[in-house]
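One structure is given below, encoded as structure tokens.
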Amino acid sequence: MMKFIFLLTGLTFIAMQQTDFPQTEIKNGLLVAKIYLPDDVTGYYRGTRFDRSGNMPSLTFRGHEYFGQWFPKYNAETHDAIMGPVEEFTGLDYADTKPGDSFIKIGVGVLQKPDEKPYAFTRLYPVLNSGKWTVKSGYDNVKFVHELNDKVYSYRYEKTIQLTDGKPEMVISHTLKNTGTKTIETMAYNHNFFVMDKQPVGPGYTITFPYKLSGEGQGFGTLAKLSDNKIIFLKNLASNEQVFCSGLTGFGTTNADYDIRIENKISGTGVRIRCDQPILKQVFWACNQTPCPEPYIKIFAEPGKEFKWKITYEFYTFPVAVD
């Protein structure tokens, strides 16, 4: 069972009811963000796909909402019943793990491989050891620490969500320290579940990259298209329609290409997303409620070493055009 330590510095812990979960709120005078906290028993998200820290059901700026529930039904153990700028790490050594043995997902814990089937993020894997979470919350920031000790892989994972003083900006800083005996080499990405003022995904949204895009996949040509460095939607997506590309190309080898903008011209809202690491792979997915650029980066930490990275979100508004 996971040990959960709260260092109370302005932390909001709500009594458990059917729809109440451990949570905190941070603000800086411009942004207000609500964040659910990881917990094995009472947490909002108890799936095994995503890092369980950083689940953000709401962030507001100038009266506009940037996140929210995008999925039709909620279950705490469903793989994607999660909101906001949430992250996933590729499982460590899953392909080489025998059925019945364990593998690691950073931010989740030690999981059991039930059979010979390939890893599927939609599956709920048995959790053998979920480690220890420590949470410290302040007025404008919250820090998560996940410590996991296993036979080969062990780590200390720190993640801090900080609202920048005087700016409509949020910075998510990460430090992964390898405290085990084997090199940690994996990938991580942010899913970026943006839901801007509950606007449906369609022509109102534009996703812009700093390079000319190429790629193909589900829904491209009928529901959306690539236009130079932009993804443009051709119609409002229906509830059963999705757009997906497993690998957009065109980016280079520096972090300058990790610079993505999501804008909605109907609500007049936008966000700029940057990272201090280069893109390893660029996935894109959208349903009728959320458009999601998913940039992957490489994670590498030898025993005793640390790997650090930072993602910056700049929120803004702009005048809505009148037809």
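The values are calculated or read from the model by the stated rules, or taken from the named source; none is laboratory data. Treat the numbers as computed from the prediction; the structure is a model and nothing was measured. Don't worry about glycine lacking a Cβ; one is built from the backbone with ideal geometry, like all the others, and counts go over all protein chains shown. The protein model used for the area step is the full one, side chains on, heavy atoms only, and it has no ligands, DNA or RNA in it. Shrake-Rupley method; radii C 1.70, N 1.55, O 1.52, S 1.80 Å.
Given (1) closer than 22 Å to ILE299 by Cα; (2) touching a residue at least 60 places away in the same chain (Cβ under 8 Å); (3) within 18 Å of the chain's Cα centre (by Cα), where does VAL142 come up short, assuming only one miss?
So VAL142 meets the others, but not (1).
Residue-by-condition table, conditions (1) farther than 18 Å from GLN199 by Cα; (2) among the basic types (Lys, Arg):
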site: THR42; (1), (2): yes, no
site: ARG46; (1), (2): yes, yes
site: TYR66; (1), (2): no, no
site: TRP70; (1), (2): no, no
site: ALA76; (1), (2): yes, no
site: ASP80; (1), (2): yes, no
site: THR90; (1), (2): yes, no
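Please verify whether the range 162-178 includes one or more residues that are at pLDDT 95 or above and farther than 20 Å from THR312 by Cβ.
yes
Is there a residue in the range 6-28 that is under 27 Å from ASN149 (Cα atoms), at pLDDT below 85, out of contact with any Asp or Glu (no Cβ under 7 Å at 6 or more places or on another chain) and in a strand (DSSP E or B)?
Within the range 6-28, one or more residues are under 27 Å from ASN149 (Cα atoms), at pLDDT below 85, out of contact with any Asp or Glu (no Cβ under 7 Å at 6 or more places or on another chain) and in a strand (DSSP E or B).
Quick check on my filter: what residues within the range 226-274 are of a type in the set (Phe, Trp, Tyr), open to solvent by 50 Å² or more (accessible area, probe 1.4 Å) and over 20 Å from the mean Cα position of the chain (by Cα)?
PHE251 - this is the single residue of the range 226-274 that is of a type in the set (Phe, Trp, Tyr), open to solvent by 50 Å² or more (accessible area, probe 1.4 Å) and over 20 Å from the mean Cα position of the chain (by Cα).
Could you check the range 51-75 and list, in sequence order, the residues that are among the hydrophobic types (A, V, I, L, M, F, W, C), out of contact with any Gly (no Cβ under 7 Å at 6 or more places or on another chain) and assigned to a loop (DSSP other than H, G, I, E, B)?
TRP70, PHE71 - these are the residues of the range 51-75 that are among the hydrophobic types (A, V, I, L, M, F, W, C), out of contact with any Gly (no Cβ under 7 Å at 6 or more places or on another chain) and assigned to a loop (DSSP other than H, G, I, E, B).
Return the only residue of LYS151, LYS182 being modelled with pLDDT under 95, among the charged types (D, E, K, R), farther than 20 Å from ARG272 by Cα and open to solvent by 10 Å² or more (accessible area, probe 1.4 Å).
The conditions single out LYS151.
Search the range 286-323 for residues being touching a residue at least 40 places away in the same chain (Cβ under 8 Å) and among the acidic types (Asp, Glu), and hand back the single one that is nearest to LEU31 (Cα to Cα).
Among those residues, the one meeting the criterion is GLU314.
I'd like the residue in the range 39-68 that is of a type in the set (S, T, N, Q) and touching a Pro at 6+ places or on another chain (Cβ under 7 Å) and, out of all such residues, is farthest from GLN162 (Cα to Cα).
Out of the qualifying residues, it is THR42.
Restricting to the range 97-130, and then to whatever is farther than 22 Å from ARG156 by Cβ and either part of a strand (DSSP E or B) or of a type in the set (D, E, K, R) (or both), can you tell me which residue is least open to solvent (accessible area, probe 1.4 Å)?
LYS113
Which residues, taken from the range 131-159, are farther than 16 Å from THR179 by Cα and assigned to a loop (DSSP other than H, G, I, E, B)?
Result: GLY138, TYR139, ASP140.
Only one of these conditions is not met by TYR94: (1) free of Cβ contacts under 8 Å to residues at least 60 places away in the same chain; (2) open to solvent by 30 Å² or more (accessible area, probe 1.4 Å). Which number is it?
(2)
Residues to consider are GLN277, GLN289, GLN282; find the one that is assigned to a strand (DSSP E or B), of a type in the set (S, T, N, Q) and within 19 Å of the chain's Cα centre (by Cα).
GLN282
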